Every structure is written in structure tokens, then in C-alpha cells.
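Input: a single structure, listed below in C-alpha cells.
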Number of protein chains: 2
Amino acid sequence: MPEHAPCRLGVLVSGSGTNLQAIIDRIESGEINAEIACVISNKADAYALTRAAQHGIPAIVHENSRYPERRSYDAATVELLRSHKVDLVILAGFMRIVTDVMVNAFPHAIMNIHPALLPSFPGLHAQQQALDYGVRFSGCTVHFVDCGTDTGPIILQTVVSVEQNDTEETLSARIQSAEHHTFAAAIKLFTEGKIQVHGRKVLILN
Amino acid sequence: MPEHAPCRLGVLVSGSGTNLQAIIDRIESGEINAEIACVISNKADAYALTRAAQHGIPAIVHENSRYPERRSYDAATVELLRSHKVDLVILAGFMRIVTDVMVNAFPHAIMNIHPALLPSFPGLHAQQQALDYGVRFSGCTVHFVDCGTDTGPIILQTVVSVEQNDTEETLSARIQSAEHHTFAAAIKLFTEGKIQVHGRKVLILN
């Protein structure tokens, strides 16, 4: 019997791409049976593009400045993703809010990672929000993207302790290392067909 | 040298008093150096009153029905607590919101426990809220009480996993067992003078 064709990922980035690198590494090691079909950046100088190129992955600059508004930018993004036959869209430090155009084009097939235990501390500067609030634990959340800000159904979370002498930098570093394996684990589950979504609840099959 | 006089606790309850029992047990075992000066219930039939009486603790029924509003009820509660020379007020399943009258009478000396990882899921039915949202982790939070609902500075938190087949009952039971040791640990820190509050941040001294 032929093996299952690997799941095709489209990774959207804006910056250095440490989560992208973590995904590339796990695909290359065979841990995740997937192929990165394209990396799309809304910033021309994102280092993530260099990482993609170094691994022979199509790296596309797709700037938002020449689109009048978010939905038309997203429509063009959807076209790009479809032309690369993407099954799963990964927001890996993509610093733009996606609209219903993207969400409806890839229902339950867009994943985002957020550096907090949602629903605590959505939005920007989640690590600093956690420090300012004075929580003892934070972490990261991989979720499907819906039209809200960090509100979609939760796939996986990892807890990280907050230390009394933490700064935004030290807490962010601790959370980031949790992000890498949590994101990879969620992608792996998706590629293995082990995720079912029922309303807000994500069921992991075993 | 004489030993430090034990910290005097005033415990406010409305129900069965499982957290009260956990505190009593740890005082009797010598784990916490404190004395429960009184247990005050706003419900005449709270089983917590029976627990108090069984351990020789003054058990006071202090119903709110004959008070026109929250602040006058709280003023009477403050009088009761002061007459029992209470140092630390413990809300142990006390199902009423306290007002500024209580908060100002015992600054940073009223503790509450909430069955969620605040700031997620404040208010009633926190466990069901967590299940409905679909989080992978919840827990409990011991915090100082301010004039908001479950918004005060966080002393300690304990994380509890949420299982895919959890019901409100099974999750509540798992969180409740975490509540007992978390509440006890926070009270012990207070009695040992190891808690400092700086704005929203609670520093645990060691």
C-alpha cells in the first residue's frame, strides 16, 4: 500500500522564525511526517525567509502595504496557500490578525501559538501581562484560529512556572522553549489525523 | 525567649467546610502554627459550623438577611472578627462578595481561594467555565481579597490537568484536593511572616 502523502504546511511568519526552525528540525528528523510547502512573510527582511531558503523551502515575501485592507490581503494569501496545495496553515510569529477570509478558507486548519495559558493574557505582550498580574504559572497555547484574538479552540497547552525574579526576557525564553515542542506536538497530531473539533472542544484521538 | 503567639484566624464559611477541615487538620498536626479564633457562617445550616464545634472552635451564625445591605453586614462581620482578635481572615467557601468595609478593615489580611488559574474563569462555576472553554489545565488560586471579584494579588497557584472525559464533578474533585494543600501552604506562609505585597505582586520570602 502506498504511504499517506505527507501533510503540506504553509507557514506564515513576520520575524526570526524560531518556531519555524523547530518545525523544520522535526520534519527533517522524521518526527513529523509533513512537508513545508511554503513560508510566507509579510516582512521582506524576516530572518525566517533565510531559514526557509537554507532548507530548500519556497520563501515568499507577501507584503501587506500594497493591499487596501486586511481582507484583500488575506484573499491574496489564501490564493498563495492554495497554489502551494497547503493542508494546514501555521502562524509562527505572524504579527497580523487574520480575517474571516482566511478562517473560512481553512476551517479548523489554521494553528496559532500564543505565549500564555489562554484565556489569560490574550493579545500582545502576554509575558509582560503575566508578570504584571503576578501569576505563578504561565505557559503557551496552541489553538485553531477563529475570527477573535487568541480565542479559538485550544489544541494543546504547556505550563511554565513564573519565578519571582523573572523579567520579560527570562520568562519569554522559558515559554519559547515550551512553544517549540508544543507547536510540534500539535502539528504532529494534525498530520496523523488525531484531532477532532466539536464546537470549542478539541478532542485528541489515541 | 517566649515563642511567637500563634496567628489568629477567622474563617468565613457558607457550606460544608472541606477547606476549613483541611486547615483544622494542619493546625492540629502542628504543620501550621495558628489558632482558629472563630468560624463565622452566613448560613445557619452550614456543616462547617458542626466541624468547628467538634474541634472546640467558636462557631457563629451571622446571617445576612437582617442587614439592609452588604456594607452594614460587613461592618458587623468586622466587629465579630475584631472581638475575636483575628489577624487573618480566611474565606473558605464563603459565598458572598465582601465590600470595601471588610477589605479596608483587614488590608492584605483576607485570603480567598478560587477554583481556577486566575485571571482565567473568575466568578461562579469556574470548573464548568474551564470545561466549556476547553482548556488543558486549570487549578486553584489563593489570593488576597480586594474589592473586585477574584482580582486580588495572587499568593499561590496550583495547576491541575483537565482530562478529556472530565465532568464538572471530576474536575472539581481534582481541583479541591489541590485547594486543600494550596490554601494551607498560603496560610502557613502568612503565619510565618513570609509574605510581602508590592502592588499586585506578592513576594514570598525565604
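Figures for the structure shown
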item: Of all residues making up the stretch A:100-118, the number that are surrounded by 24 or more Cβ atoms within 10 Å (Cβ to Cβ) and in a helix (DSSP H, G or I); result: 1
item: Matching option when the condition is away from chain B (no Cβ under 11 Å), touching a Lys or Arg at 6+ places or on another chain (Cβ under 7 Å) and not polar (S, T, N, Q), among A:LYS85, A:LYS188; result: A:LYS85
item: Residue count for the stretch A:154-173, restricted to those that are crowded, with 17+ Cβ neighbours inside 10 Å, free of Cβ contacts under 8 Å to residues at least 24 places away in the same chain and either outside any strand (DSSP E or B) or outside the structural domain of A:PRO122 (by TED's automatic domain parsing) (or both); result: 0
item: Matching residues in the stretch B:119-140 - criterion: being crowded, with 23+ Cβ neighbours inside 10 Å and either among the acidic types (Asp, Glu) or closer than 16 Å to B:PRO153 by Cβ (or both); result: B:CYS140
item: Residues satisfying the stated conditions in the stretch A:120-133, i.e. facing chain B (nearest Cβ under 10 Å) and either in contact with a helix residue (DSSP H, G or I) (Cβ under 6 Å, 6 or more places away or on another chain) or acidic (Asp, Glu) (or both); result: A:PHE121, A:ASP132
item: Residue in the stretch A:129-141 that is basic (Lys, Arg), in the same structural domain as A:ASN165 (by TED's automatic domain parsing) and free of Cβ contacts under 8 Å to residues at least 60 places away in the same chain present; result: yes
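For (1) under 15 Å from the mean Cα position of the chain (by Cα); (2) among the polar types (S, T, N, Q), each residue gets a yes or a no:
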| site | (1), (2) |
| --- | --- |
| B:VAL11 | yes, no |
| B:ASN19 | yes, yes |
| B:ILE23 | yes, no |
| B:VAL39 | yes, no |
| B:THR50 | no, yes |
| B:GLN54 | no, yes |
| B:PRO58 | no, no |
| B:SER65 | no, yes |
| B:ALA76 | no, no |
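Residue by residue, here is whether (1) touching a Gly at 6+ places or on another chain (Cβ under 9 Å); (2) assigned to a strand (DSSP E or B); (3) at pLDDT 95 or above; (4) of a type outside the set (Asp, Glu) holds:
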{"position": "A:LEU9", "(1), (2), (3), (4)": "no, yes, yes, yes"}
{"position": "A:ARG66", "(1), (2), (3), (4)": "no, no, no, yes"}
{"position": "A:VAL86", "(1), (2), (3), (4)": "yes, no, yes, yes"}
{"position": "A:GLY93", "(1), (2), (3), (4)": "yes, no, no, yes"}
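The values are calculated or read from the model by the stated rules, or taken from the named source; none is laboratory data. This one's a predicted model, so the numbers in the text were calculated from it and none came from an experiment. Backbone-built Cβ (ideal geometry, glycine too); neighbour counts: all protein chains shown.
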